[in-house]
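Read-outs throughout are calculated quantities, based only on the coordinates presented, and are distinct from any laboratory measurement. Model, not experiment: these values are computed from the prediction. Positions of Cβ are generated from backbone atoms using ideal geometry, with glycine treated the same way; all protein chains shown enter the neighbour counts.
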Amino acid sequence: MIAKTFPRGGSEIPHRKEATEHKPIVTLAPPQFVVIPLRQHIGAPCKPLVAVGDYVKMGQKIGDTDQFVSAPVHASVSGTVTAIEERVLLNGSKCLAVVIENDGKDERHVYPTKPVDKMSAESIRQAVREAGIVGMGGAGFPTHIKLNPPKPVDTVIINGAECEPYLTCDHRLMVEQAEALVEGTKAIMKAVGAERGILGIEANKPDAIEAVRDMIGDAPSLSVTVLQVRYPQGAEKQLIKAAVNREVPSGKLPAEVGCVVSNVHTAISIYEALTKGIASYERVVTVSGGAVVDPRNVRVRIGTPLQALLDFCGGTLGEPAVIVGGGPMTGPPVASLEAPVVKNLSGILALTAEEVGFDENRPCIRCARCVNVCPMGLTPNMLGALSHHGRFSQAASIGLMDCIECGLCSFACPSKRALVTWIKEGKAGWQAERAAAQAAK
Ligand code: SF4
Ligand code: SF4
């Protein structure tokens, strides 16, 4: 079968997945203290539902809000709340967090369940909300909202591309938990009223393709689509184009073309919530990079300090040049290893200077490589330069807000210009300008 892909831009980039792709997932014992941030998602932060001194069970809801775009948070261990205070997050910002001292008993709070085929779409959404499930591929968008699309949807696409270098947590989950993935996909289809589910997997994961195909069997509504190994194949618009040949218009959501896209880990968490009453309090994180002694995929409780995760993998060889949270193309540098693991953290990468390469912002030589690789058909050299010089409205007029921040332009640039960094700054600047103009009106 010919592997499918998107038609414009993109590039083959080094995979660097060998260190972890064939190793089974291992579990890290929970630490003595976990730090549960009250915002682990796009949207409004939660308010604490517990007080210092309270006893909580693993899986118990400890933060929630009545704001529409949000998702509750849960205790990841049983024990006593010792503090509710500001704690540092991976990117250096701060957030109110619930600190729990682990009593080592893992006493579980289990949510009621019933067979998915007896659940209505609304009751699936409610259960997903109560379990605090958010997009675990990095976006962190509350999943119960995604399961209530604004337009009719006929297709659910599971994003098994995992196109970022180093990351293999979704790959391992597809191999080791194919049944949960397939059943989670069916639950998503039921929630959104879609008649077909497509699991898109890049061709460099033949064992995952086989495991998922075996699990699907002859189910008529489900299929695996093999995707070309090409970055950013896992970006939502590129995945939809490859899988069903539909183009999401600028500024619109996948529902506009009848699709809902879910990450692999998210679909598995939905299955766990619906069938076992398990809230979102743990996840699998890829710990890799040339500076890590023993790279692995680790199942870890939410709230575990990043340092404990790195230590579990043997620590680092010398001082890494940079530690990244997520994939190297889109993930932010880690500002503090005291920061906790959160629901949407797919990887911790400790990279050597050799892996990172030069980073020196030389002048543009007008080679157009950034233009050729851009999967959105943009002119990143122009967008970067205009944003860098504060000319936000001009940048917006040539597609600034269509940039999906894949980072490929910066990666491809021989002058190592910080194009995507400038573009992100430009987006923030343009939004601030518009908000100020709106306020002035
Ligand atoms: S980061 Fe934006 S501008 Fe750069 S290649 Fe990706 S989509 Fe294009
Ligand atoms: S790839 Fe870099 S050097 Fe080449 S045109 Fe784009 S910004 Fe300029």
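Computed quantities for the displayed model
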{"read-out": "Loop-located GluC sites (Glu not before Pro) in segment 169-214 whose Cβ has at most 12 other Cβ within 10 Å (DSSP)", "value": "Glu195"}
{"read-out": "For Gly59, distant residues with modelled amide H under 5 Å away", "value": "Ala75, Ser76, Val77, His109"}
{"read-out": "Reachable aspartates and glutamates, given that their alpha-carbon falls under 14 Å from the alpha-carbon of Lys151 and they are not under 8 places away in the same chain", "value": "Glu256"}
{"read-out": "Average Cα contact separation per residue, the chain, under 8 Å, 6 or more apart, as relative contact order %", "value": "19 percent"}
{"read-out": "Rg [Å, one decimal], Dmax [Å, integer] - the chain, C-alpha atoms", "value": "21.4, 62"}
{"read-out": "Helix-only [θ]222 nm of the chain, DSSP H runs n ≥ 4, -39500 (n - 2.57) each, per residue, nearest 500", "value": "-8000 deg cm²/dmol"}
{"read-out": "Amide H partners (placed H, <5 Å) of Val224, local residues excluded", "value": "Leu199"}
{"read-out": "Per-residue Cβ neighbour rank within 10 angstrom, fewest leading, Ile157, Ile404", "value": "Ile404, Ile157"}
{"read-out": "Potential extension, Asp103-Asn361 segment - 0.36 nm per residue separation minus Cα distance", "value": "87.8 nm"}
{"read-out": "Exposure proxy ranking, count of Cβ atoms within 10 Å, fewest first, for Ile158, Ile216", "value": "Ile216, Ile158"}
{"read-out": "Table column - 3J(HN,Hα) (Hz), segment 248-260, Karplus curve with 6.51, -1.76, 1.60, x for Gly and Pro", "value": "6, x, 3, x, 10, 9, x, 4, 4, 10, x, 10, 10"}
{"read-out": "Lysines with Cα under 25 Å of Lys276, excluding same-chain neighbours fewer than 8 positions away", "value": "Lys57, Lys61, Lys105, Lys114, Lys118, Lys146, Lys186, Lys190, Lys343"}
{"read-out": "Projected label distance in nm at Ala219 and Ala439, using a 7 Å step from Cα toward the beta-carbon", "value": "4.9 nm"}
{"read-out": "Neighbour count of at most 15 Cβ within 10 Å plus DSSP loop: longest chymotrypsin sites (Phe, Trp or Tyr not before Pro)-free window in the chain", "value": "69-357"}
{"read-out": "Relative contact order [Cα under 8 Å, 6+ residues apart], segment 369-440, whole percent", "value": "37 percent"}
{"read-out": "Semi-axis lengths, Å, segment 54-193, gyration tensor of Cα atoms, sqrt of 5 times eigenvalues", "value": "28, 20, 17"}
{"read-out": "Footprinting exposure proxy for Arg301, Arg108, Arg369 (fewest neighbouring C-beta atoms within 10 Å first)", "value": "Arg108, Arg369, Arg301"}
